[in-house]
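Here the structure is laid out as structure tokens; the discussion comes afterwards.
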Amino acid sequence: MENLHQNKSFWSKYVFSTDHKTIGTQYMIMGMIMAGVGGYLAYVFRYNLAFPGKSIPFYGMLGPQAYNAFVTIHGMIMVFWVGMPVLLSALGNYLIPIMIGSDDMAFPTVNMLSFWIFAVSALVLIASFFVPGGAFGGGWTMYPPFSAQGYVNHNPNFFTALFSGTSLLILAVALELVAMLMGGINFLVTTINKRAKGMTPWRIPVIIWFINIAAVIFMFSVGPLVAGAFMLLFDNVLGTGFYDPHRGGDPMLWEHLFWFFGHPEVYVLLLPSLGVLAEIVPVFSRKPLFAYKTVIYLALLSAFLSVLVWAHHQFVAGIDPRMATFFSIGTILISIPFAGIFLSYMATLWGGSIRMKLPMLWAIGFIGLFLVGGLTGLFLGSNTFDIYAHDTYFVVAHFHYTLFPDIFFGFFAAFYYWFPKFTGKELNAKLGKWHFWLTFIFFNGVFFLLFFNGLAGQHRRINDYSSFSLISREPYQTFEQIATVCAIGLMLSQFIFLYNFITSFRKGKKAVKNPWESTTLEWQSDSPPPHGNFNPYPEVHRGAYDYSLPEAKEDFTPQNVPNVN
Amino acid sequence: MTIFPENVSTYGQEIDNLFWLILVFAAIAFFISLFVLLYPLIKYSSKNGKRAEYITGEKRKHYKWITYALVALLLSDFVILYVEHDTWGNIESVPAISKNDVHVGIIARQWNWIFVYPGPDGVLGTRDDVVIDSMNSSLHVPINANVIFELRSTDVIHSFFLANARLKQDALPGRTVMRWFNITKPGKYDISCTQICGILHSKMRNYVLAETPEQYKHFTDSLYNANKVVTSSK
């Protein structure tokens with residue numbers, strides 16, 4: 001195995017690589033670049049919200065069309081081109097083979113193809129800014145008929161309709177979903193078939209379980225959306241009328257297809273991050289994960305419930321009022337497994353011997369922020385209060401309080417935790433603390449006050465509130481300005497991270513094999529792990545969380561240790 | 001500074017009350033959870049030098065606390081659901097039209113709200129309907145009367161949001177949705193569109209002008225006199 005992979009050219013080693021760690025890195029770097037793009041878009045429209053009509057530094061004047069496009073693509077990027085590649089693909093690729101004690105993915109070439117399709121999808125997305133008319137500006141939900149007017153507007157020029165911002169966005173999303181689907185299949189097959197000897201299902205670390213459950217949710221829900229997306233594309237370029245009532249269609253069909261995927265997608269993003277916490281919290285508490293099996297059963301339950309809640313995005317869309325109660329109950333029920341998972345993490349802390357190292361700091365910050373996001377979900381899950389709060393800044397603040405900790409705190413926790421393993425270098429802990437505290441404080445500065453803007457009736461996706469007497473008054477405009485200043489601070493804080501990443505990678509102190517004293521298999525390999533990961537291959541003798549076993553002398557017993565004494 | 005804009009509708013107070021009820025539950029859950037999260041960071045810090053206890057969480061005496069918490073969460077959720085249920089039915093189902101009610105049509109179009117008044121016969125959808133399609137014309141309604149409206153859209157999805165009445169409803173092309181409100185205080189209230197609908201989405205604003213019954217009668221009389229030439233909305 002080892003010999004096969006030596007003497008590779010630069011191209012086959014770093015670009016068209018089939019090594020799961022390299023592909024994981026590619027996904028991570030790509031996600032970070034796209035996060036930069038998404039962050040820049042957010043900076044531009046947030047600046048506009050705080051100082052409407054002013055020229056924006058590093059951009060210029062922002063018109064209403066560009067504003068709409070920026071808001072739309074910001075959302076798209078952060079969900080599909082940051083959250084998905086970083087949490088699902090990067091973590092899945094890095095961790096699945098090495099944590100189950102295998103050399104690589106089941107289908108390394110499919111894995112490579114998955115990344116390159118993803119890269120093309122990102123290019124198609126960026127390209128949509130530069131076609132005539134600019135990028136699509138109808139919200140990331142792409143509700144037709146607004147998103148289905150290509151054929152009418154460009155009639156009958158097929159190519160103009162195809163190379164419009166709307167069509168390119170649909171294509172980019174479809175390609176991205178294809179890439180993720182290939183990755184997801186790979187994850188499942190790898191986990192099922194390539195486990196090390198003794199790695200029985202109930203010994204698999206929670207993060208591997210969760211990434212696989214996320215992949216299953218994704219596969220169950222993505223089919224209708226891809227079909228729906230192609231129908232939307234046909235509406236745009238071929239003049240079909242699936243969603244346009246003037247041509248016999250119904251826009252509500254898209255709302256159902258979109259949210260049937262769109263809501264489970266939230267859990268696809270959430271589960272890998274929760275898996276990260278499940279690895280970090282026990283290690284830094286020196287205690288087994290509280291109720292390991294129950295946590296996995298709860299995640300399976302949430303996977304089942306995740307396809308029963310989608311219409312809570314449509315409470316005011318004109319669905320049958322009796323139907324709303326059903327989805328309200330579904331929404332209530334799905335809060336239970338996730339509350340259970342978080343409570344298990346919190347219970348793991350009790351009675352531990354807690355080391356507040358950097359990964360733990362991010363994990364605790366994640367739980368704290370998600371608490372706000374989860375509990376504000378109570379207001380929105382109530383269909384009656386949603387009549388008022390729907391499409392206001394209350395919703396905006398709510399989902400940023402869930403998705404920001406999920407995507408960014410989850411990623412940073414994972415990054416600070418596994419960086420020594422995959423690079424063989426240590427990060428600068430002091431810079432890491434600055435990075436954490438600035439990110440934590442600025443994030444709250446951006447979104448906490450916006451809850452109040454939402455309750456005051458401020459609706460979303462408006463580039464200029466001067467027409468609305470309820471909003472264009474104090475203190476709400478000041479809140480917008482505080483949010484913008486904090487957003488700029490939040491983005492600048494990430495340069496600390498980049499600096500730390502680059503300098504530690506180049507000149508950091510050499511990391512030891514198992515710096516956090518963890519039990520899972522990746523820490524039993526070298527840092528960084530060689531191509532093929534293990535030599536010899538490990539045999540698993542115990543569960544993933546044997547910390548502080550009473551009969552053991554050390555307070556951690558790695559999975560490949562046969563006998564404690 | 002108040003949290004919500006002034007409530008002027010009959011059912012708005014119920015929505016505000018629901019907010020405070022959920023806030024009580026959420027605040028209790030928040031502070032308890034925060035304690036459970038942060039207290040062990042001090043109490044069980046490794047700096048105390050004590051070895052961690054080996055607790056797998058599979059014994060009843062350990063996991064019972066999580067069970068209690070989840071049951072409490074589920075119960076408070078269902079209390080919320082029970083309390084809100086009547087309000088939901090009240091807002092979402094349209095009362096039968098009686099003589100004192102006003103029946104109007106609201107049509108959303110990129111980028112304004114078009115109002116349809118029923119004409120002298122008081123019935124919408126007849127030949128004497130009056131269509132007002134102007135950026136400068138608000139929706140006149142009498143106070144203390146049920147205003148029942150048929151909401152439609154001619155082009156893309158819009159959403160009718162009357163924050164002071166706590167009412168929001170999407171307008172989907174191809175559908176007619178019936179909703180109602182009853183405003184109790186004269187005044188001029190923002191109507192905004194809350195579903196992104198294109199380049200002038202930010203300018204898609206109009207007003208509901210709530211008037212005393214006398215003022216309203218005066219308005220409709222002059223409107224119908226000016227429209228002696230019969231217009232049709234259909």
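The values are calculated or read from the model by the stated rules, or taken from the named source; none is laboratory data. Since the structure is predicted, the reported quantities are computational estimates derived from the model, not experimental observations. Virtual Cβ from ideal backbone geometry, glycine too; neighbours counted across all protein chains shown.
Do we find a residue being in a helix (DSSP H, G or I), of a type in the set (S, T, N, Q), in contact with a strand residue (DSSP E or B) (Cβ under 7 Å, 6 or more places away or on another chain) and under 22 Å from B:ASN164 (Cβ atoms) anywhere in segment A:495-516? Lay out the reasoning, then the answer.
Step one: filter segment A:495-516 for residues in a helix (DSSP H, G or I), giving A:495-507.
Next, from what is left, pick out any that are of a type in the set (S, T, N, Q): A:500, A:503-504.
Narrowing the set further to residues that are in contact with a strand residue (DSSP E or B) (Cβ under 7 Å, 6 or more places away or on another chain) leaves A:504.
Still in the list and also under 22 Å from B:ASN164 (Cβ atoms): none.
No, segment A:495-516 contains no residue that is in a helix (DSSP H, G or I), of a type in the set (S, T, N, Q), in contact with a strand residue (DSSP E or B) (Cβ under 7 Å, 6 or more places away or on another chain) and under 22 Å from B:ASN164 (Cβ atoms).
Just for helices (runs of 4 or more DSSP H) wholly inside segment A:332-417: which have at least 3 residues that are closer than 25 Å to B:LYS43 by Cα?
So the answer is A:358-381.
So, A:LEU438, is that one at pLDDT 95 or above, out of contact with any Cys (no Cβ under 6 Å at 6 or more places or on another chain) and either of a type in the set (S, T, N, Q) or crowded, with 16+ Cβ neighbours inside 10 Å (or both) or not? Full working, then the answer.
Details: at pLDDT 95 or above: yes; out of contact with any Cys (no Cβ under 6 Å at 6 or more places or on another chain): yes; either of a type in the set (S, T, N, Q) or crowded, with 16+ Cβ neighbours inside 10 Å (or both): yes.
Yes.
Could you pull out every one of the strands (runs of 3 or more DSSP E) wholly within segment B:111-204 that has 1 or more residues that are hydrophobic (A, V, I, L, M, F, W, C) and closer than 21 Å to A:ARG461 by Cα?
Counting at least 1 such residues, we get B:112-117, B:158-162, B:167-171, B:187-193.
What's the total number of residues in segment B:36-77 that are of a type in the set (A, V, I, L, M), closer than 17 Å to A:SER335 by Cα and surrounded by 16 or more Cβ atoms within 10 Å (Cβ to Cβ)?
Summing the residues that are of a type in the set (A, V, I, L, M), closer than 17 Å to A:SER335 by Cα and surrounded by 16 or more Cβ atoms within 10 Å (Cβ to Cβ) in segment B:36-77 gives 4.
If I ask for residues that are within 11 Å of chain B (Cβ to nearest Cβ) and over 12 Å from A:PRO144 (Cβ atoms), which ones from segment A:244-261 would you list?
Hit for segment A:244-261 is A:GLY248, nothing else.
If I ask for residues that are facing chain A (nearest Cβ under 8 Å), in a loop (DSSP other than H, G, I, E, B) and not polar (S, T, N, Q), which ones from segment B:50-81 would you list?
Selection gives B:LYS50, B:ARG51, B:ALA52, B:GLU53, B:TYR54, B:ILE55, B:GLY57, B:GLU58.
Could you please let me know if B:MET178 is crowded, with 24+ Cβ neighbours inside 10 Å and more than 7 Å from chain A (Cβ to nearest Cβ)? Lay out the reasoning, then the answer.
Values: crowded, with 24+ Cβ neighbours inside 10 Å: no; more than 7 Å from chain A (Cβ to nearest Cβ): yes.
Against the criterion (crowded, with 24+ Cβ neighbours inside 10 Å and more than 7 Å from chain A (Cβ to nearest Cβ)), B:MET178 does not qualify.
Kindly provide the set of residues from segment B:1-49 that are in a loop (DSSP other than H, G, I, E, B), more than 7 Å from chain A (Cβ to nearest Cβ) and of a type outside the set (A, V, I, L, M), ordered by number.
Across segment B:1-49, the qualifying residues are B:THR2, B:GLU6, B:ASN7, B:THR10, B:TYR11, B:GLY49.
Tell me the residue from B:LEU41, B:LEU18 that is touching a residue at least 60 places away in the same chain (Cβ under 8 Å) and out of contact with any Pro (no Cβ under 9 Å at 6 or more places or on another chain), please.
Exactly one of B:LEU41, B:LEU18 is touching a residue at least 60 places away in the same chain (Cβ under 8 Å) and out of contact with any Pro (no Cβ under 9 Å at 6 or more places or on another chain), namely B:LEU18.
Inspect segment A:426-442 for any residue being in a helix (DSSP H, G or I) and within 14 Å of chain B (Cβ to nearest Cβ) and give the result as yes or no. Outline the logic, then answer.
If we filter segment A:426-442 for residues that are in a helix (DSSP H, G or I), which is where we start, we get A:429-442.
The next check asks that each one be within 14 Å of chain B (Cβ to nearest Cβ); those that pass are A:440.
For segment A:426-442, residues in a helix (DSSP H, G or I) and within 14 Å of chain B (Cβ to nearest Cβ): present.
Just need a number here: residues in segment A:294-314 that are polar (S, T, N, Q) and surrounded by fewer than 23 Cβ atoms within 10 Å (Cβ to Cβ).
Residues flagged as polar (S, T, N, Q) and surrounded by fewer than 23 Cβ atoms within 10 Å (Cβ to Cβ) within segment A:294-314 amount to 2.
Counting only residues that are in contact with a helix residue (DSSP H, G or I) (Cβ under 7 Å, 6 or more places away or on another chain) and modelled with pLDDT of 85 or more, how many does segment A:1-51 have?
28
Looking at segment A:46-62, which of the residues that are assigned to a helix (DSSP H, G or I) and out of contact with any strand residue (DSSP E or B) (no Cβ under 9 Å at 6 or more places or on another chain) is nearest to A:GLY83 (Cα to Cα)? Walk me through it before giving the result.
Just the residues of segment A:46-62 that are assigned to a helix (DSSP H, G or I), to begin with: A:46-50.
Imposing the further condition that a residue be out of contact with any strand residue (DSSP E or B) (no Cβ under 9 Å at 6 or more places or on another chain) reduces the set to A:46, A:49-50.
Working: A:ARG46: 21, A:LEU49: 25, A:ALA50: 27 Å.
Looking at the filtered set, the residue picked out is A:ARG46.
Evaluate segment A:77-95: report whether one residue or more is in contact (Cβ under 8 Å) with a residue 12 or more places away in the chain, touching a strand residue (DSSP E or B) at 6+ places or on another chain (Cβ under 9 Å) and under 18 Å from A:VAL396 (Cα atoms). Quick ask: steps written out before the conclusion?
Filtering segment A:77-95 down to residues in contact (Cβ under 8 Å) with a residue 12 or more places away in the chain leaves A:77-95.
Next cut, touching a strand residue (DSSP E or B) at 6+ places or on another chain (Cβ under 9 Å) only: none.
Scanning segment A:77-95, I find no residue that is in contact (Cβ under 8 Å) with a residue 12 or more places away in the chain, touching a strand residue (DSSP E or B) at 6+ places or on another chain (Cβ under 9 Å) and under 18 Å from A:VAL396 (Cα atoms), so the answer is no.
Does A:GLY532 satisfy being surrounded by fewer than 21 Cβ atoms within 10 Å (Cβ to Cβ) and touching a residue at least 40 places away in the same chain (Cβ under 8 Å)?
So A:GLY532 fits the description; yes.
Suppose we filter A:ALA278, A:ALA291 for residues that are over 30 Å from B:ASN90 (Cβ atoms), buried (at least 23 other Cβ atoms within 10 Å of the Cβ) and without any contact (Cβ under 8 Å) to a residue 60 or more places away in the chain; which single one remains?
A:ALA291
State which residue is farthest from the other protein chains (Cβ to nearest Cβ) when the search covers only segment A:325-343 and only residues that are surrounded by fewer than 23 Cβ atoms within 10 Å (Cβ to Cβ) and of a type in the set (Gly, Ala, Ser).
A:GLY330
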